[in-house]
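Undergrad: For reference, the structure I am asking about is given below.
The values are calculated or read from the model by the stated rules, or taken from the named source; none is laboratory data. What you are looking at is a predicted structure, and each value in this text was computed from that prediction instead of being measured. Quick reminder, even Gly has a Cβ in these numbers, built from the backbone with ideal geometry, and neighbours come from all protein chains shown.
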């Protein structure tokens, strides 16, 4: 069977299942007794295993199969979740993600996962579980029923009894003040092996050597000596508190075997009943919902949406051209037709833009796992609270915003949230909280990352800036808190005391700022010492079609994004004053800089500088205002953003170009680049 045609479907569905596994594992870590979550995780792992096996990705299938075995024990109550099992399952998910990523990049999805599989098998066999159980055992009467034997071990013991050998179940308890428990266990085993053969130990020999037990351990032992001699030999070992020895005969052994078989049958019956009840409760609604979903939603290749957007862009350009021709010809029937076309294409524009809109949840959903791992590596406790995950952004913006947000979150965990001891000393709860919020405001989306940590150390930032030559000593004296905090975005700025794999490598928040600025956005920071910091990222809703103000500079036309414009007005050149070599004007009880776009873009036929009055556009960048002088206002228009091509990159003050209705090309001005 040809599988290449199904590969893209496999990658999409595998990615969804892995994301679901990560999210539900995090929920289960908070509620380890919730078997409903375990059931969901088990089904995702089971589906992923089947898909991988069908596609021929054996390493993926074998690892998910082993995860499935462990989860099966958990959902049937035979295994309790603990930190070791969680860590091993998370390692498994990381390995699965790397293999799927390899397949996405054209690889075969192969990886050496033998060490993870071995850990999962150890959990499944009960080695870790047994050690955990023994750590809570304390003193109790020795009972052979407490140790699970497999059929091979039952057979060995049964044959030994039939051959006339004596079988004992021995439980040894060391003293509470024993320092080297592992050494005492070794001495007991050495004594036993001189007098017979150990068949089964609980915990395992490896756990005993590593002292992974509390005070007691037990063994099934085939003895060549009597019970009294054995008791005396073990009791002579120092720091041994108690030795309980129980003789095991045919009847006891058969009773134990029957008990274990009954337990296995009961567990199997419970498993089948649980599976039946799940199917019964889910089959009808799930089938109905699945049918409805299948008829109402489809997967669409993102390239097709890009083609659709490009075709609509051409249609929009022709529409503007038709509107211009209709206004010149002035025929009623043509005007009415063009107006109808404008309304229809406007609705089509809204639909096309909505098709490209993606919830920020597609970026946010990978952060809880990242925060969990980082907090654990830093020995901190951090809660990530996400709100507004359903806020939508253009797909182009979504693709680019992930890395900057990762950097800001890592910065908050490493620099912002204090260590547990520091938080307790400051009278805070030991668990820090990071708020990740997204919300719409006008034509922008705001994403905020706020922590309740120690805040930004103003003096430390200033000292580092002075040391690195970012600012001068005179400038530092007059800087406001906001200006100091914005120094964090200077190139190569880092306040980390030591280099780590999380931060402090000299690649600071300047990377974040430049990336967000390239998207037409802005980032700012607020901080209160001892209470925390908040980074706010402002992004445009879309990068494809925007509303813009068309302006004229001589014979050239330019477009300024409407989202950046505060006001348009006319000023007398006599109102312009020079302050420290910069041209400034009075604007609503404040003084703002005024910029001649004709000088910036070298437009020789512009009359901006020679006229007595000039049209001015006031624009906003963050909390800063500036005024642009132009020759004329042409009007507002919907424009399609086109890139300048690979030969015209990094042009100062220009973010792209657009084709106007008359076929002319207008450059799109980037206000963020012009306002410093």
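Undergrad: For residues that are assigned to a helix (DSSP H, G or I), without any contact (Cβ under 8 Å) to a residue 60 or more places away in the chain and either in contact with a helix residue (DSSP H, G or I) (Cβ under 7 Å, 6 or more places away or on another chain) or within 16 Å of residue 372 (Cβ to Cβ) (or both), tally how many sit in segment 16-45.
TA: Residues in segment 16-45 being assigned to a helix (DSSP H, G or I), without any contact (Cβ under 8 Å) to a residue 60 or more places away in the chain and either in contact with a helix residue (DSSP H, G or I) (Cβ under 7 Å, 6 or more places away or on another chain) or within 16 Å of residue 372 (Cβ to Cβ) (or both): 14 in total.
Undergrad: Against the definition (outside any loop (DSSP other than H, G, I, E, B) and under 30 Å from residue 91 (Cβ atoms)), how does residue 307 come out, yes or no?
TA: So residue 307 fails the test.
Undergrad: Considering 71, 7, which residue is surrounded by 19 or more Cβ atoms within 10 Å (Cβ to Cβ), over 24 Å from residue 367 (Cβ atoms) and under 25 Å from the mean Cα position of the chain (by Cα)?
TA: 71
Undergrad: Name the residue that is surrounded by the most Cβ atoms within 10 Å (Cβ to Cβ), counting only residues in segment 82-112 that are closer than 18 Å to residue 34 by Cβ and at pLDDT 85 or above.
TA: The selected residue is 89.
Undergrad: Quick check on my filter: what residues within segment 618-676 are under 30 Å from residue 322 (Cα atoms), modelled with pLDDT of 85 or more, crowded, with 20+ Cβ neighbours inside 10 Å and in contact with a helix residue (DSSP H, G or I) (Cβ under 9 Å, 6 or more places away or on another chain)?
TA: Result: 630, 631, 669.
Undergrad: Go through the residues of segment 569-592 one by one and say whether even a single one is touching a residue at least 60 places away in the same chain (Cβ under 8 Å) and assigned to a strand (DSSP E or B).
TA: no
Undergrad: Right, another one. With (1) in contact with a strand residue (DSSP E or B) (Cβ under 7 Å, 6 or more places away or on another chain); (2) more than 21 Å from residue 518 (Cα to Cα); (3) outside any strand (DSSP E or B) as the list, and residue 672 as the residue in question, which single condition is left unmet?
TA: Status for residue 672: all satisfied but (2).
Undergrad: Another question, if that's okay. Quick check on residue 598: is it touching a residue at least 40 places away in the same chain (Cβ under 8 Å), touching a strand residue (DSSP E or B) at 6+ places or on another chain (Cβ under 6 Å) and within 13 Å of residue 675 (Cα to Cα)?
TA: Criteria not met by residue 598.
Undergrad: Condition first: modelled with pLDDT of 85 or more, in contact with a strand residue (DSSP E or B) (Cβ under 6 Å, 6 or more places away or on another chain) and in a helix (DSSP H, G or I). Now tell me which residues in segment 321-366 satisfy that.
TA: 364
Undergrad: Continuing with this model, one more query. Has segment 205-224 got at least one residue that is touching a residue at least 60 places away in the same chain (Cβ under 8 Å), in contact with a helix residue (DSSP H, G or I) (Cβ under 6 Å, 6 or more places away or on another chain), surrounded by fewer than 17 Cβ atoms within 10 Å (Cβ to Cβ) and not in a helix (DSSP H, G or I)?
TA: No - not one qualifying residue is present in segment 205-224.
Undergrad: Of these, 454, 463, which one is more than 23 Å from residue 401 (Cβ to Cβ) and part of a loop (DSSP other than H, G, I, E, B)?
TA: 454
Undergrad: Here is a follow-up. In the same structural domain as residue 374 (by TED's automatic domain parsing) and modelled with pLDDT of 90 or more: does that describe residue 450?
TA: Judged against the criteria, residue 450 is a match.
Undergrad: Being more than 40 Å from the chain's Cα centre (by Cα) and over 21 Å from residue 547 (Cα atoms): is that true of residue 342 here?
TA: no
Residues are listed down the side, and each one gets a yes or a no for (1) modelled with pLDDT of 70 or more; (2) part of a strand (DSSP E or B); (3) closer than 25 Å to residue 483 by Cβ:
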| residue | (1), (2), (3) |
| --- | --- |
| 495 | no, no, yes |
| 499 | no, no, no |
| 511 | yes, no, yes |
| 516 | yes, no, yes |
| 524 | yes, yes, yes |
| 530 | yes, no, yes |
| 536 | yes, yes, yes |
| 542 | no, no, no |
| 549 | yes, yes, no |
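Conditions (1) in contact with a strand residue (DSSP E or B) (Cβ under 9 Å, 6 or more places away or on another chain); (2) buried (at least 17 other Cβ atoms within 10 Å of the Cβ), marked per residue:
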| residue | (1), (2) |
| --- | --- |
| 176 | yes, no |
| 184 | yes, yes |
| 197 | yes, no |
| 202 | yes, yes |
| 231 | yes, no |
| 236 | no, no |
| 239 | yes, no |
| 256 | yes, yes |
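Undergrad: Also: Can you find a residue that is assigned to a strand (DSSP E or B) and either modelled with pLDDT of 80 or more or surrounded by fewer than 18 Cβ atoms within 10 Å (Cβ to Cβ) (or both) anywhere in segment 604-612?
TA: No: segment 604-612 contains no residue that is assigned to a strand (DSSP E or B) and either modelled with pLDDT of 80 or more or surrounded by fewer than 18 Cβ atoms within 10 Å (Cβ to Cβ) (or both).
Undergrad: Considering each of 159, 153, 227 in turn, give the residue that is in contact with a strand residue (DSSP E or B) (Cβ under 7 Å, 6 or more places away or on another chain), more than 23 Å from residue 123 (Cα to Cα) and surrounded by fewer than 18 Cβ atoms within 10 Å (Cβ to Cβ).
TA: None of the others qualify; the one that does is 227.
Quick grid of which residues meet (1) crowded, with 17+ Cβ neighbours inside 10 Å; (2) under 20 Å from the mean Cα position of the chain (by Cα):
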residue	(1), (2)
406	no, yes
409	yes, yes
418	yes, no
437	yes, yes
451	yes, yes
